[in-house]
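A short reminder: the numbers here are calculations on the coordinates, not readings from a lab. Since the structure is predicted, the reported quantities are computational estimates derived from the model, not experimental observations. Virtual Cβ from ideal backbone geometry, glycine too; neighbours counted across all protein chains shown.
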């Protein structure tokens, strides 16, 4: 099976993470445009809090993969 050096894994992750973040920000912005006019202040806070924290969840496996040493 093809195995990557850790340096190459970090390069791939360094490219994927900002691309994912831009995609996620666009998605959250579009969702915010639809939902926020109907939200009160607390719901708006929750939307921004959850939106700001949830981008990392899909990235955690990538970060873990980037840190693994080659066997």
Item to check | Two-site FRET efficiency, residue 3 against residue 39, from Cβ-Cβ distance with R₀ of 30 Å, rounded to 0.05 | outcome: 0.05
Checklist entry - To the nearest 0.05, how large is the calculated FRET efficiency for residue 31 and residue 64 if R₀ is 25 Å and r is the Cβ-Cβ distance? => result 0.35
Checklist entry - With all pairs of different alpha carbon atoms counted, what Kirkwood hydrodynamic radius in Å does segment 8-58 show? => result 12.2 Å
Checklist entry - For the chain, what relative contact order do you get, as a whole percent, if you take Cα pairs closer than 8 Å and at least 6 residues apart? => result 71 percent
Checklist entry - Which order do peptides 38-44, 13-19 fall in by mean Cβ count within 10 Å, highest first? => result 13-19, 38-44
